[in-house]
Amino acid sequence: MNGLAWMLPIRQAHLALVVLSGALFMLRGLGVLAGARWPLHKALRVGSVVIDTLLLAAGVTLWSLLQLHPLRETWLGAKLILLIVYIVLGSWALKRAQTTA
């Protein structure tokens, strides 16, 4: 099976992981705003890291299959910068922001 045959399943996995990552972040964020302790549970933190790592791996695999370069493809460079912003702000919002207590 050549690399391009894997493109559609990897793209679908990438899109599913985007939705899963966003949904988990939203649920955890709502939990933090409500003052709950469960959003910071170790299993959820590890799960979030695993999902985001798989998301990044799927993205990198797609870049290589499509032979894209972040410096030539400006939309891809912007996406990488926004990914870093998402990770930093998400970490800050869930761990370091003041809670209602």
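The values are calculated or read from the model by the stated rules, or taken from the named source; none is laboratory data. Small disclaimer: the values here were computed from a predicted structure and weren't measured. Note that we place each Cβ from the backbone using ideal geometry, even for glycine, and neighbour counts take in every protein chain shown. Ligands, DNA and RNA are excluded from the accessible area calculation, which covers all protein heavy atoms including side chains. Shrake-Rupley method; radii C 1.70, N 1.55, O 1.52, S 1.80 Å.
Dividing the mean sequence gap of close Cα pairs (under 8 Å, 6+ apart) by how many residues the chain holds gives a relative contact order of 38 percent. Solvent exposure of Val19, expressed as accessible area, is near 100 Å², computed with a probe of 1.4 Å over the protein chains only. The residues of the chain expose, per residue, 73 Å² of accessible area to a 1.4 Å probe. Across the accessible surface of the chain, with the other protein chains kept in place and a 1.4 Å probe, carbon and sulfur atoms take up 72 percent.
Taking the Kirkwood radius as Rh and the Cα radius of gyration as Rg, the chain has a ratio of Rg/Rh equal to 1.06.
What do you get for the angle between helix 74-91 and the principal long axis of the chain? Use alpha-carbon atoms, 0 to 90 degrees, nearest ten. Helix 74-91 and the main axis of the chain meet at about 20 degrees.
If I take all pairs of Cα atoms in region 16-64, what percentage of them are more than 17 Å from each other? So the portion of pairs separated by more than 17 Å is 38 percent. The phi-based Karplus calculation (6.51 cos²θ - 1.76 cosθ + 1.60; θ = phi - 60°) puts the 3J(HN,Hα) values of region 9-23 at x, 5, 5, 5, 5, 4, 5, 5, 5, 4, 5, 5, 5, x, 5 Hz, whole numbers, x for Gly and Pro. Can you give the FRET efficiency to the nearest 0.05 for Ala36 and Val88, using r as the Cβ-Cβ distance and R₀ = 25 Å? Plugging the Cβ-Cβ distance into 1/(1 + (r/R0)^6) gives 0.60.
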